[in-house]
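Participant: Starting off with a structure, shown below.
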Amino acid sequence: MKQGGESRKRQEIKHMFDRLSGHYDVLNRMITFGFDSGWRRRVIERANLSPGKRLLDVGSGTGDMVFTALRKEPLVRATAADFSFAMIKKGRSRPGGDQIPWCSADALKLPFSDNTFDAVTSGYLIRNVLDPLKAFQEQLRVLKPGGVVVCLETSPPKQNLVRPLILIHLKLVIPLLGRLVGGNQSAYTYLPNTTRGFMKPNEMVATMQKAGFESVSCRLLMFGTMTIHCGRRPKRS
């Protein structure tokens, strides 16, 4: 994709998430049957945060991951970054949201110095960036040596007995919920399509390794439709 096309695509995605901000959290709970809260807790557990550690959550949306981290470890120094101003505004309006540092940021060009954070997390970010490898390279850059990256992502449905039910959920149920609850069926048609066309778990592992992470692991959830990927920046890099 040429640079002009990439810029237009990025703006389209940004505007889509701006429009979704008012109903995004409610729809996430409905679409995942409420399991997404538990998955975020697992991400934070893998981030291995302790008092005073610095956390960056990229593509933070309204801050679910950061709020989860602060509930587990109130003294962590967490920063929420997103490229949607509407999502940031919604996050700031949540109880305690005004105490969190929010940053407008492009995941492909993070506005932070090298070696800044002890952990970087994300939830459903990578499937929406135009260059996953570059996004991981940026996360590696801002991590301190030995720091960890943990990301919650979707995964294309596997060829198994539940695949037909999963496809019905992706193709019919999610767009219907998007129309009924959020008034935006097109966005909730686009998002399931990104799941079906996204990297397989082993491909994402390879992308993270290519970006420079070591000890990359993947845990499958929800019949293999969700993943938690974890990697570490080498201590000498």
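Read the figures in this text as sums done on the coordinates, not as results from a lab. In this text the structure is predicted, and so the values were computed from the model without any measurement. We place every Cβ from the backbone using ideal geometry, glycine too, and count neighbours over all the protein chains shown.
Participant: What are the lysines whose alpha-carbon lies under 20 Å from the alpha-carbon of LYS53, with same-chain residues fewer than 8 places away excluded?
Facilitator: Those lysines meeting the cut-off are LYS72, LYS144, LYS235.
Participant: Using label points projected 7 Å from each Cα along Cα→Cβ, tell me how many nm separate GLN11 and LYS210, to one decimal.
Facilitator: Here the answer is 2.9 nm between the modelled labels.
Participant: For region 1-136, what relative contact order do you get, as a whole percent, if you take Cα pairs closer than 8 Å and at least 6 residues apart? Numbers along the way, then the final one.
Facilitator: Numbers: 187 pairs, mean separation 35.7, N = 136.
It rounds to 26 percent for region 1-136.
Participant: Taking the Cβ of LYS53 as the center, what net charge do the other residues with Cβ under 12 Å away carry, scoring Lys and Arg +1 and Asp and Glu -1?
Facilitator: On the way: positive: ARG54, LYS72, ARG77, LYS144; negative: GLU73, ASP118.
Spelling it out: positives minus negatives among the neighbours equals +2.
Participant: Please find the FRET efficiency linking LEU220 to ASP131, where r is the Cβ-Cβ separation and R0 is fixed at 30 Å, and quote it to the nearest 0.05. Working shown, then result.
Facilitator: Values: r = 25 Å, r/R0 = 0.82.
Step by step, r from the Cβ atoms, then E = 0.75.
Participant: Give, to the nearest whole percent, the P(r) tail of region 74-153 beyond 22 angstrom, counting all Cα pairs.
Facilitator: Working: 752 of 3160 pairs.
So the portion of pairs separated by more than 22 Å is 24 percent.
Participant: May I ask you to derive the FRET efficiency for ARG92 and VAL162 from their Cβ-Cβ distance with R0 = 41 Å, giving the value to the nearest 0.05?
Facilitator: On the way: r = 39 Å, r/R0 = 0.95.
So, using R0 = 41 Å, E works out to roughly 0.60.
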